[in-house]
Amino acid sequence: MNLLRSSGAHVLAICPPLLALCASCASRPPSPPSDPVGTVTTMLESSAQAWNAGDLEGFVDDYANDSTTTFMAGGHARYGFDWIHSNYARQFGPDAVRDSLRFEEFAARALGTDHILATARYILYRGDSITSSGPFTLVLEKQRGEWRIIHDHTNADER
């Protein structure tokens, strides 16, 4: 009987430190990005720099390299990183004329811990003249620690 009381006392004495240890080891749920607008702005500014430098690979690097990545433009859905890459590759050829790119009107919000919904406006320009512009919506997903575009819906303004 004394043995049981002694063992019980030892167990009770050990429990609080064990519980504290377990609580500190438990993984905390991931939190949403603290600055989704900043995340998207940084990504798109880097993308515009790659475009303006003629760096196709740098420009398309923000897209998820996946067959389900969606690109919507001109009233049609296109699927896959390969389609996106080949679509833009035409504008990066040796004889291609590519206007300069900038982005404006950034807005974004976290959709949970691993997704961001973003809107902005692209502006293609040559000198002081805007050659094309329009709003777009992106859905980004955090993949292996990096934000990647999994859906791009781009609209061109009427000219």
Looking for whichever is crowded, with 16+ Cβ neighbours inside 10 Å, in contact with a Leu (Cβ under 7 Å, 6 or more places away or on another chain) and either of a type outside the set (S, T, N, Q) or at pLDDT below 95 (or both) here; the options are ALA48, ALA64, ALA89. Which one fits? ALA48
Quick check: anything in the range 91-108 acidic (Asp, Glu) and within 13 Å of the chain's Cα centre (by Cα)? no
Among the residues listed as THR39, THR70, the single one being within 23 Å of ASP157 (Cβ to Cβ), of a type in the set (Ser, Thr, Tyr) and out of contact with any helix residue (DSSP H, G or I) (no Cβ under 6 Å at 6 or more places or on another chain): THR70
So, of the residues in the range 32-44 that are of a type outside the set (A, V, I, L, M, F, W, C), touching a strand residue (DSSP E or B) at 6+ places or on another chain (Cβ under 7 Å) and in a helix (DSSP H, G or I), which turns out to be farthest from SER100 (Cα to Cα)? PRO36
Determine the pairs where a residue that is under 22 Å from GLY127 (Cα atoms), located within the range 87-115, has a partner that is among the basic types (Lys, Arg) and surrounded by 10 or more Cβ atoms within 10 Å (Cβ to Cβ) with Cβ atoms under 6 Å apart, the partner being 6 or more residues away or on another chain. GLN91/ARG98; ASP99/ARG126; GLU104/ARG121; GLU105/ARG121
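The values are calculated or read from the model by the stated rules, or taken from the named source; none is laboratory data. Quick caveat: nothing in here was measured; it's all calculated off a predicted structure. FYI the Cβ positions are ideal-geometry reconstructions off the backbone, even for glycines, and counts take in every protein chain you see.
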